[in-house]
Every structure is written in C-alpha cells, then in structure tokens.
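No value in this document is a laboratory result; all are computed from the given coordinates. Because the structure is predicted, anything quoted here is derived from the model rather than measured. For neighbour counting, all protein chains shown are included, and Cβ atoms are generated from backbone atoms with ideal geometry for every residue, glycine included.
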Amino acid sequence: MIEAETKMRVSHPSVKKCIADLVAGFTVETTPRIAETIKDYRQHLRSDTTVYIASLPGANYGDVIAAATRLKREGFNPVPHFAARAIPNKRFLDESLRRLKGETDLQQVFIIAGSVDKPVGEFTDSMQLLETGLFDKYSITRIGVAGHPEGNPDIPDDAIRHALRWKNDFTRRTNAQIYIVTQFCFESKPIIEWDKRIQCEGNRLPIYVGVPGLATLKTLLRYGVACGVGPSMRFLSKQAHHILKLMTVAAPDKLVTELARYRARDSKCGIAGVHMFPLGGLAKSAKWSYAVSDGQFTVDSNGEGFTVDMEPLACGGSSLFVG
C-alpha cells in the first residue's frame with residue numbers, strides 16, 4: 001500500500017525526468033577483443049563518452065593499452081581496468097601507467113582485486129594498488145572501485161565491508177576522488193537494500209549502478225551465471241520459464257525506473273548514475289541509452305516501466321545503430 005501511494009504521488013512527467021537524469025552521462029564497457037570487431041566507436045558512441053576497458057584474466061595488458069589509445073584517438077575518455085591479482089609487480093604497474101599517461105593523457109582508472117584464484121605477483125587487492133602512490137605520481141585522482149550489491153562469491157562479506165570503510169577513509173585523507181561501480185544486477189531490490197545498508201555504515205562514495213544492456217534473456221542468463229550474479233538471477237529466471245521467451249530481447253526499463261524513483265524520493269540515496277554493460281552488443285545498448293538520456297521514451301500507464309522510441313539517433317553525423 002505504501003509503495004502504491006508513493007507511485008501515485010509521482011506524476012509520469014516527473015518520473016520521466018528522473019529516469020532521463022539517472023541515465024544522462026552513462027558510461028559503458030568494452031574489451032580489447034570487442035574492440036577488434038568494431039570498426040569505429042564513433043559509429044555507436046557520442047564524443048567524450050567514458051568507456052571502460054576490461055582487463056580479462058590471462059589477457060595481454062598491452063591490448064588494454066592499445067584499446068585505450070585508440071579510444072582516445074577517436075574522441076573518448078578511456079578508463080582502463082587494473083586487476084590487482086593480475087599485476088606482477090609495482091614496476092609493471094608504474095610502466096603501464098606511464099605508457100597510458102603518455103599515449104592517452106590518462107585521467108581516470110578502475111581498479112579491482114580480480115578474479116584470478118592465485119595472484120601472479122605481489123598484489124592481492126585494490127587497496128594495495130592505491131597504497132603504491134603511483135596513481136598520485138601520474139596525477140590520476142578519479143578512481144573507480146568495485147561494488148557488490150549481491151555479495152561476491154570470491155570475497156567474504158566482512159572483507160568487503162572492511163575494504164569499503166578503508167576506501168572511504170582513503171578518500172578523506174587524500175586527493176583521490178574514489179567512486180563505486182557495481183556489478184550488473186537484474187532487479188532493483190538488492191541494489192536499494194545494499195545502498196541503504198552501506199549508507200548507514202558510513203559510505204559516502206558515489207555509486208554508479210551496473211545495468212545490463214539490451215540482450216535476449218538467454219544471453220542475460222548466460223552472463224549472469226558467468227559473472228556470479230546473485231539473487232537477482234531468480235528474478236530473471238522467472239521471466240524465462242517458457243523456451244520461446246529465451247529469445248526475447250529484454251530492456252532494463254523496469255530496473256532503471258525503480259532506481260530513478262528511489263533516487264528521487266530518498267535524499268540519502270548514494271546512486272549517482274549508471275554504467276552500461278552492453279551484453280547483447282554495443283549498438284543496441286548505446287542507442288537505447290542515448291534515447292533514454294534524451295527523453296525519447298514513453299512512461300507506461302502504470303508508471304512502472306517505459307518504452308523507448310527507437311528511431312535512428314544522430315551520433316557524430318552517423319546513425320548509432322549500424323547493425
């Protein structure tokens with residue numbers, strides 16, 4: 001009843017603005033392997049978009065540097081991942097940052113512990129990377145760290161809480177502008193509950209929620225299993241009970257709507273924006289995201305979701321949707 005009353009108090013025009021404001025300035029993820037399949041990112045993304053470059057286990061980090069250099073050349077803000085457990089030593093980190101600074105004028109990085117079972121060198125977590133002082137050496141103050149609304153199968157909950165407290169303290173005593181980017185989830189409830197809990201525990205780092213882009217339910221389920229997504233997998237599985245629905249393309253409109261509503265009505269909400277994981281392909285997810293940020297969508301009559309007006313959108317003189 002309370003939730004229903006809250007929905008009734010917010011008019012559809014207000015909901016629409018809240019949704020557009022949440023998605024505006026979205027960031028997006030790519031990998032060196034995906035970069036090999038994309039002729040020109042400018043066919044999909046608007047200039048100055050922030051693009052994260054994932055460093056996958058076992059990959060050559062030189063490929064991450066090459067992708068970052070290319071993205072910078074094409075007019076974007078590249079944000080390379082640094083996975084602590086995949087970095088052999090401080091010298092390697094120093095050299096990688098030196099190259100990235102020289103080739104891309106690097107301003108921003110994303111650091112994680114990494115999913116490698118056995119560290120290849122002296123680092124085991126992102127806090128150790130921060131303590132090297134190397135990001136400060138290269139004047140890199142904007143630093144993203146991982147958030148886990150549904151927990152992390154590789155890290156105990158107490159260790160996650162300790163790390164978040166440490167990073168909040170690190171921000172207070174340094175010039176670092178640390179923020180959180182979460183793993184993608186399929187429903188809003190675990191995200192909202194997690195945000196409320198960590199705010200009560202003292203978190204003041206802004207949060208960018210990982211949102212799965214447009215993809216078939218089959219694709220979303222596959223990525224969810226591979227990435228260790230938690231309870232929200234059950235929410236997605238309920239939608240895929242019929243085999244024909246597995247090939248239905250799902251959009252995260254309900255998730256985004258509920259997060260936008262929460263952000264609008266709770267002054268303590270720590271959510272600052274969204275980070276898109278283009279699981280079904282960059283073209284579709286980018287087109288959808290720009291349409292939402294531009295307000296080119298219609299809120300459903302019940303106010304619980306929306307439909308995007310998927311007309312071709314201009315992007316540097318070309319269509320975003322080239323597929």
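Points to keep in mind about this one:
- Cross-link pairs exceeding 22 Å in C-alpha to C-alpha distance, out of LYS196/LYS287; LYS118/LYS189; LYS16/LYS287; LYS72/LYS254; LYS137/LYS167, comprise LYS196/LYS287; LYS118/LYS189; LYS72/LYS254.
- Normalised Debye scattering of region 100-162 at q = 0.12, 0.15, 0.27 Å⁻¹ gives log10 I(q)/I(0) of -0.37, -0.57, -1.24, counting only Cα atoms as equal scatterers and leaving out solvent.
- Contact order normalised by residue count of region 7-293, Cα under 8 Å, 6+ apart, percent: 21
- Scaled against the 2.2 N^0.38 Å expected of a compact globular protein of N residues, the Cα radius of gyration of region 66-184 reads 1.05.
- Least to most buried among TRP166, TRP288 (fewest other Cβ within 10 Å first): TRP166, TRP288
- Length gained when the stretch ASP154-ARG91 is fully extended (0.36 nm per residue, less Cα-Cα span): 20.0 nm
- Longest to shortest principal axis, alpha-carbon extents of region 7-293, angstrom: 55, 45, 34
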